[in-house]
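The values are calculated or read from the model by the stated rules, or taken from the named source; none is laboratory data. Worth saying up front: this structure is predicted, and the values here are computed from it rather than measured. Here the Cβ is made from the backbone with ideal geometry for all residues, glycine too, and neighbour counts use every protein chain on show. Heads up: the accessible areas ignore ligands, DNA and RNA and are worked out on the full protein's heavy atoms, side chains in. Shrake-Rupley method; radii C 1.70, N 1.55, O 1.52, S 1.80 Å.
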Amino acid sequence: VQLQASGGGLVQAGGSLRLSCAASGRTDSTYMGWFRQAPGKEREFVATIRWNGGHTYYADSVKGRFAISKENAKNSVYLQMNKLEPEDTAVYYCAAGRAILSTSTTARGYNSWGQGTLVTVSS
């Protein structure tokens with residue numbers, strides 16, 4: 001599956017952004033999610049959604065501020081980011097894979113990755 005992410009940009013602290021990720025090709029993934037990587041840091045899990053059923057999971061750092069959703073007809077997943085903080089500055093990657101619940105919040109649960117979209121939050 002090929003993933004195309006979009007929607008990053010520069011926003012002030014407290015603002016909002018919406019990221020989009022469109023999947024094409026063979027889309028038999030069980031989960032689609034978002035990870036992020038800040039400068040000098042390792043890639044970390046942000047949020048994921050089960051393709052069938054819609055169950056969602058979030059990193060503690062974004063709970064209550066971010067919301068992941070999907071649109072099956074468009075093979076797309078979205079990440080609505082509200083109350084953004086400078087600590088949210090990172091390159092955001094969408095990912096898809098045949099993860100199971102125990103691996104759905106780890107990078108090893110995903111085998112397809114988008115190109116990344118930069119989110120910069122100014123203070």
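Couple of notes before you dig in:
- Whole-number accessible area per residue in Å² for the chain, which is evaluated in the context of all protein chains at 1.4 Å: 51 Å²
- Residues with amide H under 5 Å from that of residue 98, placed H, sequence gap 5 or more: 30, 111
- Accessible carbon and sulfur surface of the chain relative to its total accessible area, %, 1.4 Å: 47 percent
- Whole-Hz ³J(HN,Hα) from phi, Karplus 6.51 cos²θ - 1.76 cosθ + 1.60, for region 56-62, glycine and proline x: 10, 9, 10, 5, 4, 5, 10
- Among beta bridges that DSSP assigns inside the chain, antiparallel share in %, nearest 5: 90 percent
- Only Lys, Arg (+1) and Asp, Glu (-1) charged, at Cβ; the chain dipole about Cα centre in debye: 260 debye
- Applied to region 100-109, the Karplus parametrisation 6.51 cos²θ - 1.76 cosθ + 1.60 on θ = phi - 60° returns per-residue 3J(HN,Hα) values of 10, 3, 5, 10, 5, 9, 10, 4, 5, x Hz, with x for Gly and Pro.
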